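The values are calculated or read from the model by the stated rules, or taken from the named source; none is laboratory data. Nothing here was measured: the structure is a model prediction, and the numbers come from that model. Note: ideal-geometry Cβ built from the backbone for every residue, glycine included; neighbour counts use all protein chains shown. To get the accessible areas, we keep the full protein, side chains included, count just its heavy atoms, and leave off ligands, DNA and RNA. Shrake-Rupley method; radii C 1.70, N 1.55, O 1.52, S 1.80 Å.
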Amino acid sequence: MAGATDLWGEWRKYGAKGMSGAQALAVELDRIAREGGIASPVTTHRGLSARLRYLNSRPGREALAEHGISARLLRSWERGAHPSRPKLEAVDKAYQERRRDNVVRSGALKRLLDNQGRGRRIEIYPVDQSEVDEKRRRPEVSERSVQARYVWDDMVDAWGEGDMDTLDEIWDDIITDLDSDYAAYAYVGSIGIGA
């Protein structure tokens, strides 16, 4: 957020925990997008098999290759070799990236969040200062919520492209509805989107 660093300075210096509003948006959109995805962990046979089936397309195989999973390695797994933990994580990353691309392309996430123009409520949880020495704490801010409308298409597009600058601008637009308190929510502990 433009100016947030000036307002908050080195906000983590004394042990505060949180993230920028843009990061919180990305984390929450990741969570929402995962809800309709493969539930079984990649560390299980079922979870790995499901992800590999999902990635069985040219773009899927390209995503696997970008994460170091070759066709030769896949064949060795089919013959009974056991994937290492880093290779399982690579498969999961490729799956998450392809799923994100597909969710953005389908428009389903935009429709869900836009809610026919009514938007969605965003619950905002402030930075956690529980480990900050009392004399170093910033004034306590409370949990807040805001009804966000007309930002969802741009937000989902920026999230899909990994464009944190645009997510930062969108977050700034969202929190300006909090009037004079808005600068206290430039960084947050987390957010929740009612979707």
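Filtered by the rule that a residue be polar (S, T, N, Q) and either touching a Leu at 6+ places or on another chain (Cβ under 9 Å) or surrounded by fewer than 12 Cβ atoms within 10 Å (Cβ to Cβ) (or both), segment 130-148 gives SER130, SER142. Residues in segment 77-108 that are of a type in the set (Ser, Thr, Tyr) and open to solvent by 60 Å² or more (accessible area, probe 1.4 Å): SER106 alone. Output the residues belonging to segment 135-192 that are closer than 24 Å to GLN116 by Cα and among the β-branched types (Val, Ile, Thr). Listed by number, the residues that qualify are VAL146, VAL151, VAL156, THR166, ILE170, ILE174, ILE175, THR176, ILE191. A single member of ASP154, ASP101 is of a type in the set (Asp, Glu), within 14 Å of the chain's Cα centre (by Cα) and either closer than 28 Å to ALA50 by Cβ or part of a helix (DSSP H, G or I) (or both), and it is ASP101.
Rundown of residues vs (1) of a type in the set (Asp, Glu); (2) in contact (Cβ under 8 Å) with a residue 24 or more places away in the chain; (3) over 30 Å from ALA50 (Cα atoms), yes/no style:
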| residue | (1), (2), (3) |
| --- | --- |
| LYS110 | no, yes, no |
| GLN116 | no, no, yes |
| ILE124 | no, yes, yes |
| ASP133 | yes, yes, yes |
| ARG136 | no, yes, yes |
| TRP159 | no, yes, no |
| ASP168 | yes, yes, yes |
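Exactly one residue out of GLU66, GLU62 is without any contact (Cβ under 8 Å) to a residue 24 or more places away in the chain and open to solvent by 60 Å² or more (accessible area, probe 1.4 Å): that is GLU62. Total residues in segment 52-80 satisfying the condition of being more than 13 Å from LYS93 (Cα to Cα) and among the charged types (D, E, K, R): the figure is 6.
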